[in-house]
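Student: Sharing a structure below in structure tokens format, with a few things to ask.
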Amino acid sequence: SSGINAESQSVREALAAELGAQRELIQQCSAEIENFVKEQKAAEKLISSCGIKLKELTHKLSKLNKEASEAKQQVQYYLNNYEWIASEKQYFGQKDTAYDFEKQDLKESDKKLERLKASKEKLSKNVNMRAMHLLGEAEKRYIDLVKRKDIVTNDKHKINKVIKELDEKKNRAVRRAWEQVNKDFGSIFSTLLPGARVKLQTLEGRPVTDGLEVKVSANVYIFGGETCY
């Protein structure tokens, strides 16, 4: 009986030791799991923070790209519209020049710019009043000149038409006179010199108004029975 009790006691002690070891192992695993959970949460927090930072950087990069594009367009606009920049830009940023930007007080320059803008606005109001008055007078003069131009243009057309009609009448009269003179001249010449023909003809390739030339042809018997052509 005492042997059985001793064996049972030994088994219980062994089981208790094993149970203690298992409990210790469980506690160790629990601690490790708890540390892992903490590390996971820290990692998730870091990832979330990095994601937010990445979004901020992406937004800033997009903004910078947009500003760079706008600045490039603005520079191109100035180069296209202000010819002096191309010849002067080599001096930009150079010391002891009008473009020494380090010596420029930007705040003071901004104030001066605002003063100039205010002065310009004030002057523009006064100038605009006078400009509108001058514009009204200029428009009246323009309308009057357009009317005069239309009258002159219309008169010009009429004059050109009359000149054309007179030219046509002149050409017809000259042609009739030429035909009559040519006929009379030929008749007189053939009477004075039988067998001879004479006529007035126009210069080659030119109208009658540019002049005439005398063309003579003859088939005449003269003394001695000879014929002259």
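The values are calculated or read from the model by the stated rules, or taken from the named source; none is laboratory data. Being a predicted model, the structure only gives us computed values, none of them experimental. Positions of Cβ are backbone-derived with ideal geometry, glycine not excepted, and every protein chain shown enters the neighbour counts. Accessible surface areas use protein heavy atoms only, side chains included; no ligands, DNA or RNA. Shrake-Rupley method; radii C 1.70, N 1.55, O 1.52, S 1.80 Å.
Student: Name the one entry in K161, K199, K183 that is touching a Gly at 6+ places or on another chain (Cβ under 9 Å) and under 30 Å from L212 (Cβ atoms).
Tutor: Of K161, K199, K183, the one residue that is touching a Gly at 6+ places or on another chain (Cβ under 9 Å) and under 30 Å from L212 (Cβ atoms) is K199.
Student: Given K45, K63, K72, K38, which one is within 55 Å of the chain's Cα centre (by Cα), assigned to a helix (DSSP H, G or I) and either over 30 Å from F92 (Cα atoms) or in contact (Cβ under 8 Å) with a residue 12 or more places away in the chain (or both)? Break it down stepwise before answering.
Tutor: Numbers: K63 fails: either over 30 Å from F92 (Cα atoms) or in contact (Cβ under 8 Å) with a residue 12 or more places away in the chain (or both); K72 fails: either over 30 Å from F92 (Cα atoms) or in contact (Cβ under 8 Å) with a residue 12 or more places away in the chain (or both); K38 fails: within 55 Å of the chain's Cα centre (by Cα).
Criteria check complete, one pass: K45.
Student: Are any of the residues in region 121-136 modelled with pLDDT of 80 or more, more than 27 Å from L200 (Cβ to Cβ) and hydrophobic (A, V, I, L, M, F, W, C)?
Tutor: no
Student: I've got another one for you. For the subset of region 1-57 comprising residues that are among the small types (G, A, S) and open to solvent by 80 Å² or more (accessible area, probe 1.4 Å), which member is modelled with the highest pLDDT?
Tutor: By that ranking, first place goes to S2.
Student: Here's another thing I want to ask about it. Please go through (1) closer than 28 Å to L79 by Cβ; (2) open to solvent by less than 100 Å² (accessible area, probe 1.4 Å); (3) in a helix (DSSP H, G or I); (4) at pLDDT 75 or above for A118 and return the number of the only condition it doesn't satisfy.
Tutor: (1)
Student: Okay, moving on. Which residue out of N154, N182, N171, N160 is at pLDDT below 75, part of a helix (DSSP H, G or I) and of a type outside the set (G, A, S)?
Tutor: Checking each option against the conditions leaves just N182.
Student: Can you report the number of residues in region 58-85 which are among the charged types (D, E, K, R), surrounded by 10 or more Cβ atoms within 10 Å (Cβ to Cβ) and within 19 Å of Y99 (Cα to Cα)?
Tutor: 0
Student: List every residue pair whose Cβ atoms lie under 9 Å apart, where the two residues are 6 or more positions apart in sequence or sit on different chains, the first residue falls within region 144-161 and is touching a residue at least 60 places away in the same chain (Cβ under 8 Å), and the second residue, located anywhere, is surrounded by fewer than 10 Cβ atoms within 10 Å (Cβ to Cβ).
Tutor: Going by the 9 Å Cβ cut-off, there are no qualifying pairs.
Student: Taking region 185-208 as the search range and keeping residues that are surrounded by 13 or more Cβ atoms within 10 Å (Cβ to Cβ) and assigned to a helix (DSSP H, G or I), which one is modelled with the lowest pLDDT? Steps first, please.
Tutor: Pass one, region 185-208, residues surrounded by 13 or more Cβ atoms within 10 Å (Cβ to Cβ): 185-186, 189-190, 193, 195-200, 202, 208.
Next, from what is left, pick out any that are assigned to a helix (DSSP H, G or I): 185-186, 189-190, 208.
Details: F185: 73, G186: 74, F189: 71, S190: 72, V208: 68.
Residue satisfying both the conditions and the ranking: V208.
Student: What number of residues within region 91-112 satisfy the criterion of being assigned to a helix (DSSP H, G or I) and either surrounded by fewer than 10 Cβ atoms within 10 Å (Cβ to Cβ) or modelled with pLDDT under 80 (or both)? Give the steps one after another, and end with the answer.
Tutor: Taking region 91-112 as the starting set, the residues that turn out to be assigned to a helix (DSSP H, G or I) are 91, 101-103, 106-112.
Narrowing the set further to residues that are either surrounded by fewer than 10 Cβ atoms within 10 Å (Cβ to Cβ) or modelled with pLDDT under 80 (or both) leaves 91, 101-103, 106-110.
Selection size over region 91-112: 9.
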